[in-house]
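Enquirer: I have a structure I would like to understand better, so I am pasting it below and will then ask my questions one at a time.
The values are calculated or read from the model by the stated rules, or taken from the named source; none is laboratory data. Predicted model only: the values in this text are computed from it and were never measured. Cβ atoms come from the backbone with ideal geometry, glycine included; neighbour counts cover every protein chain shown. With ligands, DNA and RNA removed, areas are computed over all heavy atoms of the protein, side chains included. Shrake-Rupley method; radii C 1.70, N 1.55, O 1.52, S 1.80 Å.
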Amino acid sequence: MAASGAGSPGRLVQYIVVRSDLVHKLSWPLGAVITQACHAATAAVHVHYGDPDTQRYLAELDSMHKAPDEAALSGLSETLKQAGVSHKLWIEQPENIPTCLALKPYPKEDVQPLLRKFKLFK
């Protein structure tokens, strides 16, 4: 999947997966969590800027999902690696805490099955 659907006519999405425990258990301010999501999204677009799906996505825009905790986020990152899905796991420094991850833009049908269990951020 790493060389995904360039030229695919389907809708493109960029999933941003955020750890909900940062707010609910670790008491991070919501603004700090959103900042983490922004860092991860920007990094994923930067790293995959030359990708045809990323370029097509930049002419549009879309969805955000959340992970319940660090273990779920790390597990998702590993699942995505094994599936060949390009993404950026954002690790906040200097604390070295994985806070969220962002996929490069993909046709929705290519990645939705891997992210279906994660809820929309509210």
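Enquirer: Considering only residues that are assigned to a loop (DSSP other than H, G, I, E, B) and modelled with pLDDT under 90, look in segment 56-93 and name the one that is nearest to the chain's Cα centre (by Cα).
Expert: Initial filter on segment 56-93 (assigned to a loop (DSSP other than H, G, I, E, B)): 59-64, 68-69, 83-86, 93.
Remaining after also requiring modelled with pLDDT under 90: 59-64, 68, 93.
Numbers: ALA59: 18, GLU60: 17, LEU61: 13, ASP62: 12, SER63: 9, MET64: 8, PRO68: 14, GLN93: 18 Å.
Only one residue fits best here, namely MET64.
Enquirer: Limited to segment 94-112, what total is found for residues that are of a type outside the set (D, E, K, R), assigned to a loop (DSSP other than H, G, I, E, B) and open to solvent by less than 10 Å² (accessible area, probe 1.4 Å)? First the steps, then the outcome.
Expert: Our first condition is that a residue be of a type outside the set (D, E, K, R); within segment 94-112, this holds for 94, 96-103, 105-107, 111-112.
Remaining after also requiring assigned to a loop (DSSP other than H, G, I, E, B): 94, 96, 105.
With the extra rule that they be open to solvent by less than 10 Å² (accessible area, probe 1.4 Å), the set shrinks to 105.
Final tally of qualifying residues: 1.
Enquirer: Right, here's the next one. For segment 83-93, indicate whether the set of residues that are free of Cβ contacts under 8 Å to residues at least 12 places away in the same chain, open to solvent by less than 80 Å² (accessible area, probe 1.4 Å) and in contact with a strand residue (DSSP E or B) (Cβ under 6 Å, 6 or more places away or on another chain) is non-empty.
Expert: In the first step, residues of segment 83-93 are kept if they are free of Cβ contacts under 8 Å to residues at least 12 places away in the same chain; the result is 91, 93.
Checking the rest, the ones that are also open to solvent by less than 80 Å² (accessible area, probe 1.4 Å) come to 91.
From what is left, the residues that are in contact with a strand residue (DSSP E or B) (Cβ under 6 Å, 6 or more places away or on another chain) are 91.
Yes, there is a match, as at least one residue in segment 83-93 is free of Cβ contacts under 8 Å to residues at least 12 places away in the same chain, open to solvent by less than 80 Å² (accessible area, probe 1.4 Å) and in contact with a strand residue (DSSP E or B) (Cβ under 6 Å, 6 or more places away or on another chain).
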